[in-house]
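Novice: Take a look at this one; I'll ask things after.
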Amino acid sequence: MPICYHENTRTFHLYNGDVSYLMQVLSNGQMGQLYFGKKLRDREDFSYLVRTEERAMNSYTSEDRKKRLSLQQVRQEYPSYGTSDFRSPAFEIQWEDGSRVSDFCYASHVIFKGKRKLEGLPAVYVEEDGEADTLEITLADRREGARLILSYTIFRDYGVLARSVRIVAGERGCRLERVMSLNLDLPDSDFVSVQLSGAWARERYVRERRLEEGLQGVYSMRGASSSEHNPFLALRRPDAGEGSGEVYAVSLIYSGNHLELADVDQNHVTRLLAGIHPDTFSWKLEPGEAFQSPEAVLVYTDRGLNGMSGIFHGLYRTRLRRGFWRDRACPIIINNWETTGCDFTEEKILELADTAKSLGVEMLVLDDGWFGDRENDRTGLGDWYVTNFQKLPHGIAGLAEKVKERGLRFGLWFEPEMVNKDSRLFREHPDWILQVEGRFASPGRNQHVLDFSRQEVVDYIYDAMEKVLGSADISYIKWDMNRYITECGSAAYPADRQGELFHRYILGVYSLYERLNARFPEILFESCSSGGSRFDPGLLYYAGQTWTSDNTDAVERVRIQYGTSYVYPLCSMGAHVSDVPNQQSGRITSMATRSNVAHFGVFGYQMNLTAVTDSEKEEIRRQIAWEKEHRELIRCGRFYRLRDPFRENTGAWLVVSEDRREALVGYYQIYREVNTGWDFLKLEGLDPDRLYSVNGGVQVSYGDELMNLGILLDQERFGIAKEDYASVILHIKAV
Ligand code: DGJ
C-alpha cells in the first residue's frame, strides 16, 4: 500500500487495493484535499481537482489574480477559520496577541513503514511494519513558528485511514481552542447521514437524515462518549443499502466529549469533522510544548453498510483490542446483579456458583456491593476493600478461592472513577471530586466524580485496586461508570487550565487502565457505563469488551445489538440471558429467544439460576453447550445485517466463517403475523458454488440460491413458535 509523493505537482497519493486518498500542496502553501474514495490509478497530476474560479462574495489568498485562490472554494486538508474560508474549521488557536488567524503551510514530510504509538491515547496498531504505511506532513505557521503534524496511516488489508494531529507551539505559547482529529471535504452533499443515537437502555439506535446546507451531526458534552450519541458518523449515498453503495464513515477512538459534524456549504461541499468537542475544550501550550489529538478512523467502501461494518469489525477486533484475551473467547459468565443487587451474602453467591457450574457456566462475576458500607447506591463507592464481614466473611480472596474450588473463574465489579459522599475516601479527601468552588456539586446516582486529572487521585485508586487484584485470584473486572460529569473544575489547576479538565480526566482514566493492563495482563476487562453509555473504540483498546446495555430485554436487545454492530464486532458486545418479566421492560420472552439474541455477543447469564425449573435447567445446559460449540465462529466470523428491526417487524443477522463453510443466522420476529405472504430471507457472504444444508437438511441449497433467492422462512419447517417474540437460529453448513 504505497504512499507516493510526486515532487513536480507536490501531490500525495495514499492507496491500497480498495481506496485512494489524494492531497496537494496549494499555491498558497497550505494543504488541499483532492479525493478520497475508490482506488485510482496513480499518476503525477490531479491539479484539475483544485477549483480556482472566482465567485461573488469570496475573498482570496493573493492580490495576484493568476496565483490566487479562495479557501472557501477549495477542499482543504486541515482548514482554519478567519481568512477566506467561512466554514467550520478543523482547528482554532489563540496566539499570544489575542488573534486567531493562522497560516500553516507545508514544510516537510516523512513516510515510513508501520505506525507510531500515540502517547497516552488509544489507537489502532500494527503487529508487523508491513501491515501499514504512515505519512506525517509537517506544516509550519510562518509568523509563530508553531508546527502542525498531520498523520495518516493506510492499512494494507482495510479500506481505512487512521488520522490524527499533533500541534507543537513555537517560541511563544498559545491556546488551543479546537483541535479536530480529522477533516474531510467531499465534493457534493448527496448523502444520508447515519448516526447511532439513543439514551440509557436504548443505546445506539440507528438514525438517518438527508444532508442539507448547514450543520448536522452528533456530540457529547457529558464527559463520556455517551449513550446519547456514539462517536461515529457515516455518510451513505441515498441508494446505498446494506449490501452495496458508497459509504464514508468516521469513528473516533476516544471516550470523552466528542463532536462529529457534517457542514454542507452553499456549493454543496460536505465538510466532515470529528474530534474532541471544542465547546468543552481549551488547552494551553507553553513554548515548545505539544498536544496530541485522539485518532480518528476514516472508512470508505462501495460495498454498503455491511461493507463498512466488516472493515470496522476486522480492524477493531484485531488491531484495536489488545492483550491476552484479544484472540480468546470470554468465559461464559454468570453475573449476580439482576438477581441480588447489593443484597447478597457469600452463601448466596456460592449457591449461585454451584448451580451455574452444574449447567456449564465458566465464570462467576460478583457485581456491585462487595466493598465498604455498600448496602445500596448511597454509600461506599471509593472504599475498595471489604468491611462487611457478615456479607463476605472470607473477604474477596476467600470468596475467589471458593469459587475457584468449584471450577469457576472469578470476576469482580469496580467503579474506579466514583465516590459516594458517604464513604471513608470522601471523608478523608473531600477535595478529590470534580467541582467548582462556591458552586453546588450536582450528585448523580448519589455519587460524585473523582478528579482523575490529578495524578495523586489516579495513584490512590490504582493502589487500592492493585491491592485487591494482587491478593485474590481474579480473572475479570467489570469497570463501571454510572454518571456523567457536571461542574468540571479542579482545585489542582490554575484558572487558565480549567478548560483542559475534561480531556485530562479521560487521559487519567486511560492511564489507570494502562497500568492495570500492564500489571495484570491476564485479567479480562469489560467496560460498562450504566450499560452502554461509554461503548466506544477508545475503551476497547484497554477493555476488549463492553456491557452493551442495562436493557436485557430480548426484543430491545435485537435493536441495540443491531445498531451497535454498525461499528463494533460481536466479540466486544456483552450480552446476557436474564430473568423474565424483564427488569427494564417488564416484557416476557421465551428462554429460547433470550438466548438466541445473547448468542450474538459475548454470551452469559444474569439470572437467578438457583430458582429455575428442572426443564429450564436442561434448556440452559443445551444453550451453554451450543455456545461452546459455536463461539469461535461467532467471535471471528464475518457479520452481516440482513433485516432491520428499526424498520420491520423482524430482525435478522448472519455470521459466516472465514472459509465460508459454515454460518449462523439469527432471525427474530417481534409480533406474530398471521396469514402473511411468502417470507424469503436472503443471506450474504456464502460461497455461491457450494452446497449448504440448513438446520441439518431442512433445506439443502447452493450458496447462490441462499443469497439470491433466500431461505423460505416457513414457520413450521423451522419450528418458529406461534407467538410474539419468536425467534430461531439457522445453522448453515457446507455438505
Ligand atoms: C450499572 C451496570 O450497567 C449494571 O450492570 C450494574 O453493574 C450496576 N451498574 C451496578 O451498580
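The values are calculated or read from the model by the stated rules, or taken from the named source; none is laboratory data. Since the structure is predicted, the reported quantities are computational estimates derived from the model, not experimental observations. Cβ sites come from the backbone with ideal geometry, for glycine too, and all protein chains shown count toward neighbours. With ligands, DNA and RNA removed, areas are computed over all heavy atoms of the protein, side chains included. Shrake-Rupley method; radii C 1.70, N 1.55, O 1.52, S 1.80 Å.
Novice: Does the range 319-337 contain at least one residue that is within 12 Å of the ligand (Cβ to nearest atom), at pLDDT 95 or above and assigned to a helix (DSSP H, G or I)?
Specialist: yes
Novice: Given the conditions (1) part of a helix (DSSP H, G or I); (2) touching a Ser or Thr at 6+ places or on another chain (Cβ under 8 Å), and given that Y513 satisfies all but one, which numbered condition is not satisfied?
Specialist: If we test Y513 against (1) part of a helix (DSSP H, G or I); (2) touching a Ser or Thr at 6+ places or on another chain (Cβ under 8 Å), just (2) comes out false.
Novice: Here's another thing I want to ask about it. Evaluate the range 87-98: report whether one residue or more is among the small types (G, A, S) and out of contact with any Phe, Trp or Tyr (no Cβ under 6 Å at 6 or more places or on another chain).
Specialist: The answer is yes; a qualifying residue exists.
Novice: So which of S102, S164 is of a type in the set (S, T, Y) and under 23 Å from D536 (Cβ atoms)?
Specialist: Going through S102, S164 in turn, the sole match is S164.
Novice: Among (1) under 21 Å from L350 (Cα atoms); (2) open to solvent by 50 Å² or more (accessible area, probe 1.4 Å), where does M607 come up short?
Specialist: Result: M607 fails condition (2) only.
Novice: Here's another thing I want to ask about it. Looking at A240 and the list (1) within 23 Å of F91 (Cβ to Cβ); (2) buried (at least 23 other Cβ atoms within 10 Å of the Cβ); (3) out of contact with any Phe, Trp or Tyr (no Cβ under 6 Å at 6 or more places or on another chain), which single condition is not satisfied?
Specialist: It is condition (1) that A240 fails.
Novice: Can you give me the number of residues within the range 34-50 that are open to solvent by less than 60 Å² (accessible area, probe 1.4 Å) and charged (D, E, K, R)?
Specialist: 1
Novice: Determine the pairs where a residue that is among the hydroxyl-bearing types (S, T, Y), located within the range 231-252, has a partner that is open to solvent by less than 10 Å² (accessible area, probe 1.4 Å) and not in a strand (DSSP E or B) with Cβ atoms under 7 Å apart, the partner being 6 or more residues away or on another chain.
Specialist: Matching pairs, first to second residue: S244/G304; S251/P231; S251/F312; S251/P537; S251/V567.
Novice: Quickly run through the range 373-388 and pick out the residues that are within 32 Å of the chain's Cα centre (by Cα) and either more than 13 Å from the ligand (Cβ to nearest atom) or part of a helix (DSSP H, G or I) (or both).
Specialist: G382, D383, W384, Y385
Novice: For the subset of the range 339-372 comprising residues that are in a loop (DSSP other than H, G, I, E, B) and open to solvent by 10 Å² or more (accessible area, probe 1.4 Å), which member is farthest from the ligand (Cβ to nearest atom)?
Specialist: Within the range 339-372, the match that is farthest from the ligand (Cβ to nearest atom) is G360.
Novice: Hey, another quick one. In the range 645-722, which strands (runs of 3 or more DSSP E) lie fully inside it and hold 3 or more residues that are closer than 30 Å to R202 by Cα, modelled with pLDDT of 95 or more and open to solvent by less than 40 Å² (accessible area, probe 1.4 Å)?
Specialist: By residue number, 650-656, 662-669.
Novice: Within the range 483-506, can one find any residue that is open to solvent by less than 20 Å² (accessible area, probe 1.4 Å), within 17 Å of the chain's Cα centre (by Cα), at pLDDT 95 or above and among the hydroxyl-bearing types (S, T, Y)?
Specialist: no
Novice: Using the structure shown, decide if R209 is open to solvent by 20 Å² or more (accessible area, probe 1.4 Å) and either under 19 Å from M308 (Cα atoms) or assigned to a loop (DSSP other than H, G, I, E, B) (or both).
Specialist: Spelling it out, R209 is indeed open to solvent by 20 Å² or more (accessible area, probe 1.4 Å) and either under 19 Å from M308 (Cα atoms) or assigned to a loop (DSSP other than H, G, I, E, B) (or both).
Novice: Related question: Give the range 150-173 a look and list any residue that's open to solvent by less than 30 Å² (accessible area, probe 1.4 Å) and in a loop (DSSP other than H, G, I, E, B), or say none.
Specialist: G159, A169, G170, G173
Novice: Does the range 622-643 include one or more residues that are in contact (Cβ under 8 Å) with a residue 12 or more places away in the chain, β-branched (V, I, T), within 17 Å of T593 (Cβ to Cβ) and open to solvent by 10 Å² or more (accessible area, probe 1.4 Å)?
Specialist: no
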